[in-house]
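Here is the structure we will look at, set down as structure tokens.
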Amino acid sequence: VPDGYWASCDINKLTENNIIAGYPDRTFKPNLPVSRAEMATMVVKGYNLDCTSNSEHLTFKDVPRNHWAHDYISKGVAEDMIAGMEKPSSFL
């Protein structure tokens, strides 16, 4: 992120504290929307919660066990920090 970018200071602080990391190709795309998985990961990392002894609270059909953020999402659910939404049976 260029030094002149409006959020560069905050982004650098979050990176230094291992809350955000950017993409595997070593880029950071601050203008892209944040996904649900990315947000859950930032919340769990921001509170410095340990995901290594992960419980099985995750029951979301759209988050398979091999999803990169599975453990962060599961930890967020276990700590009542995040929750999913049930799909409505019909729209009125």
Revision key, fill the gap. Scanning the stretch 1-21 residue by residue, the ones that are open to solvent by 70 Å² or more (accessible area, probe 1.4 Å) and either in contact (Cβ under 8 Å) with a residue 24 or more places away in the chain or under 17 Å from Asn48 (Cα atoms) (or both) total 5
Exercise for review: Considering only the stretch 22-41, state which residues are under 16 Å from His67 (Cβ atoms) and surrounded by 14 or more Cβ atoms within 10 Å (Cβ to Cβ).
Suggested key: Arg36, Ala37, Glu38, Met39, Ala40, Thr41
Check your understanding: Looking at the stretch 2-25, is at least one residue touching a Phe, Trp or Tyr at 6+ places or on another chain (Cβ under 8 Å) and modelled with pLDDT under 85?
Key -> no
Check your understanding: Can you tell me how many residues in the stretch 2-25 are under 15 Å from the mean Cα position of the chain (by Cα), part of a helix (DSSP H, G or I) and not hydrophobic (A, V, I, L, M, F, W, C)?
Key -> 1
**Study point:** Residue list for the stretch 50-73, restricted to those being at pLDDT 90 or above and open to solvent by less than 50 Å² (accessible area, probe 1.4 Å)
**Key:** Ala69, His70, Ile73
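The values are calculated or read from the model by the stated rules, or taken from the named source; none is laboratory data. The structure displayed is predicted, hence computed values, not measured ones. Please note: Cβ atoms are built from the backbone with ideal geometry, for glycine as well, and neighbour counts cover all protein chains shown. Just so you know, the surface numbers come from the protein's heavy atoms only, side chains and all, with ligands and any DNA or RNA stripped out. Shrake-Rupley method; radii C 1.70, N 1.55, O 1.52, S 1.80 Å.
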